[in-house]
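Structure, as C-alpha cells:
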Amino acid sequence: MQNLNPKVVWIFFFQFIIGGLFLLFFLMMFLGPIFAVKMADQTITPFFWILKITLPFALYLVFCFVWAKLTYRFWLYDITEDAYKIEQGVIWKRYVSIPYERIQNVDIHRGVIARLLGLSELRIQTAGFGGAQGKWGSFSEGRLPGISKERAEQLREELISKVKGKKQGL
C-alpha cells in the first residue's frame with residue numbers, strides 16, 4: 001500500500017478549518033443570542049475577551065492539523081493485479097476494492113490549493129455507483145486526493161490500460 005503525497009496534509013487542514021467554521025457559524029446563529037445576553041451582564045476586561053477567543057481558536061487549529069496528519073497517515077492506495085484498492089479513515093475505516101471491469105472513467109482534478117501545492121486528485125467513476133459530482137468535490141467511488149501531477153497522470157494511464165485489458169460487457 002502506498003501513501004499520498006505529504007503535501008496533502010495542507011489540503012486536509014484547510015478543508016477541516018473551513019468545515020469547522022461553517023459549523024461554528026450555524027451554531028452561533030442559534031446559540032449566539034443566548035451567550036450575548038449572558039455575557040452582557042458581566043464586566044470582563046478586553047484582555048480576557050481576547051484570551052477567550054484566541055485560545056479556543058488556537059486549540060482548534062492544532063486539532064485540525066493533528067487530524068489532517070492522521071488522515072494523511074491512514075489514507076492508503078494500491079493497484080493490484082485484479083483491482084484498485086483504497087484504505088482510509090482514522091476512527092472508522094473504509095476499505096474500497098474496485099475491480100477493473102467496473103471502472104468507467106478516470107478523471108484528474110486540480111483545485112486551487114492543490115495546484116499551488118503541485119498536487120492532483122484522481123477520481124474513478126464506476127458502473128453501478130450512485131454517486132454524483134457536487135460543487136465541493138467528487139462523490140466518486142475511487143477518490144484519491146493529494147498525489148503529484150506526474151503520479152496522477154501515471155496512475156490514470158495505468159488504470160486505463162488495465163481496464164482496456166479486461167473483458168468488457170456481457
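The values are calculated or read from the model by the stated rules, or taken from the named source; none is laboratory data. Note that the coordinates shown come from a computational prediction; the quantities given were computed from them, not determined experimentally. Cβ placement follows ideal geometry from the backbone for every residue including glycine, while neighbour counts extend to all protein chains displayed.
Residue by residue, here is whether (1) free of Cβ contacts under 8 Å to residues at least 60 places away in the same chain; (2) exposed (fewer than 14 other Cβ atoms within 10 Å of the Cβ); (3) in contact with a strand residue (DSSP E or B) (Cβ under 8 Å, 6 or more places away or on another chain); (4) closer than 14 Å to residue 11 by Cα holds:
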position: 50; (1), (2), (3), (4): yes, yes, no, no
position: 62; (1), (2), (3), (4): yes, yes, no, no
position: 65; (1), (2), (3), (4): yes, no, no, yes
position: 68; (1), (2), (3), (4): yes, no, no, yes
position: 74; (1), (2), (3), (4): yes, no, yes, no
position: 85; (1), (2), (3), (4): no, no, yes, no
position: 102; (1), (2), (3), (4): yes, no, yes, no
position: 118; (1), (2), (3), (4): no, yes, yes, yes
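Of the residues screened, residue 124 is not one that is out of contact with any Pro (no Cβ under 6 Å at 6 or more places or on another chain), modelled with pLDDT of 85 or more and outside any strand (DSSP E or B).
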